[in-house]
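The numbers here are math on the coordinates, done by the rules we state, and not lab data. Every value quoted in this text rests on a predicted model; they were computed, and no experiment measured them. Here the Cβ is made from the backbone with ideal geometry for all residues, glycine too, and neighbour counts use every protein chain on show.
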Amino acid sequence: MSAPAETVTPRPVRLDVAGVALNGDLALPADAQGLIVFAHGSGSGRHSSRNRAVAEVLQHARLGTLLLDLLTEREEMVDATTAQYRFDIPLLADRVVATLDWTQMHPQTSPLPLGLFGASTGAAAALIAAAERPRMVRAVVSRGGRPDLAEAALDAVTAPTLFIVGGRDEVVIHLNEQAFARLKEPKELQIVPGATHLFEEPGALEQVSRLARDWFVRHLG
């Protein structure tokens, strides 16, 4: 068995998608076996320490990562005070879909099988994007997500989907169970014991990272 890939330094990218310019960080191991696009949620973006920690684990497993801000800088400023955009699921989903399309136009990323990692409201956007691009998206992982907000798109998702929820995040567990029931196989719902919504407890985020890595490696191969 060969040695794991080294963590790569992300490089900034600017995506002209869906009529706006979005900032992202693209990290591609030299022998990348896939690319995971991160869809952040509620007031979060590409600088999220939790998603960066997950991304690093994925990079060690030879998976490229694209962390991006789904909102423009102006929208983020507005959202910080009004929360106007973070629950605008159709807007976020349109931008995830446009990002998937962007990956197909660049020689570094176009050959790579794609996965989606969604957190919070970004999980709903990821699931809608998976439903709209079924031939493109090979796997989806939701961390502490609100998949229920994907609504009718849940019935159209064909990609293998993993929901990860904290064991003490009781309201979100219930919402995930309802959404999970509507998904096609293969699917899994993993509860991280003792973890709250942000997985800040010792070892919780590491467990999330391992579960996500194993899911993507299995289904992007």
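Toward the positive end of the charge dipole of the chain, about the Cα centre and with charges on Cβ (Lys, Arg +1; Asp, Glu -1), which of 100, 82, 41 goes farthest? Of the listed residues, the answer is 100. How would you classify the stretch 11-220 from its alpha-carbon gyration tensor, with a ≥ b ≥ c the square roots of the eigenvalues: rounded for a/c under 1.5, else prolate if a/b is greater than b/c, otherwise oblate? It comes out rounded by the Cα gyration axes. Please label the shape of the stretch 145-221 as rounded, prolate or oblate, based on the square roots a ≥ b ≥ c of the eigenvalues of the alpha-carbon gyration tensor (a/c under 1.5 means rounded; beyond that, a/b larger than b/c means prolate, else oblate). Here the stretch 145-221 falls in the oblate category. Fully extending the segment from residue 198 to residue 158, taken as 0.36 nm per residue of separation minus the present Cα-Cα distance, adds 11.7 nm. Compared with the direct C-alpha span, the chain from residue 210 to residue 52 gains 55.5 nm at full extension, assuming 0.36 nm per residue.
Each part gets one Cα centre, and for the stretch 175-221 versus the stretch 45-85 those centres are 18 Å apart.
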